[in-house]
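This report refers to the structure that appears directly beneath it.
Every number here is computed from the coordinates shown, using simple stated rules; none is lab data. Computed from a prediction, not measured in an experiment: that's the story for all the values here. Virtual Cβ from ideal backbone geometry, glycine too; neighbours counted across all protein chains shown.
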């Protein structure tokens, strides 16, 4: 009998723990850095567990000259979209309903001007640096094959290199500079760079299917 009571107590505690986990509010980043580039419309915050756009209220940007905000849904997920306008800082604030409660969200946003960090980025003998003149993502038609060499402008540091299927993230590989690489059709080369302000800048070369 004592064993059954103890078991029931444990089950009750587990159920309470699960309920507590369910109503934990979604992850909201405290700070975001957004690069203003020709190919970037907005950077988005996904609100996991928020069921509909109407659950978001009092959404505003403290400086609309720097960034504007909007809400939308995609594949049954609710998002806040932050569109960069000009370099500077803005604070995004909003309320959102989740798990029967209302929470406050606050994100400090820094918008930076786009700059091409590459003096050269070669795969084999082909140099792609000029194609990053005003955008962070470029597309090519043929598979990429050859030694990858990257020469960055002053103030930039190469952080990491990856390749993967750009539709589902499969075939993920960590790459190294000054090594031979092969990027097949439907796959992406991702280049992560740190600038002198400590902000990450991400660049892509996509091979069309």
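Report, largest value first, the span of the C-alpha coordinates of the stretch 118-207 along each principal axis, in whole Å.
33, 27, 25
Restricting to DSSP H runs of at least four residues, report the calculated mean residue ellipticity at 222 nm for the chain, -39500 (n - 2.57) per run over all residues, nearest 500 deg cm²/dmol.
Only helices count here, giving -3500 deg cm²/dmol.
Against the longest principal axis of the chain, how steep is helix 2-22, in degrees 0 to 90 to the nearest 10, with axes from Cα atoms?
In the chain, helix 2-22 runs at an angle near 50 degrees to the longest axis.
Most exposed first by the Cβ proxy, i.e. fewest other Cβ within 10 Å, how do 152, 189 rank?
Going from sparsest to densest Cβ surroundings: 152, 189.
Enumerate the residues in the stretch 158-201 having an amide nitrogen under 14 Å from the point lying 7 Å beyond the Cα of residue 75 toward its Cβ.
Only 165-170 fall inside the zone, counting backbone N under 14 Å.
Based on alpha-carbon positions alone, could you give the equivalent ellipsoid semi-axes of the stretch 54-107 from the gyration tensor, as √(5λ), descending, whole Å?
22, 14, 7
If you take every DSSP beta bridge whose two residues both sit in the chain, what share of them, in percent to the nearest 5, is antiparallel?
85
Using alpha carbons only, what's the Rg to Rh ratio of the chain with Rh from Kirkwood?
Radius of gyration relative to Kirkwood radius: 1.11.
So which residue, out of 172, 94, 132, gets the largest mean-square fluctuation from a GNM of the chain using Cα contacts under 10 Å as springs?
Evaluated over the chain, the most mobile residue of the options is 172.
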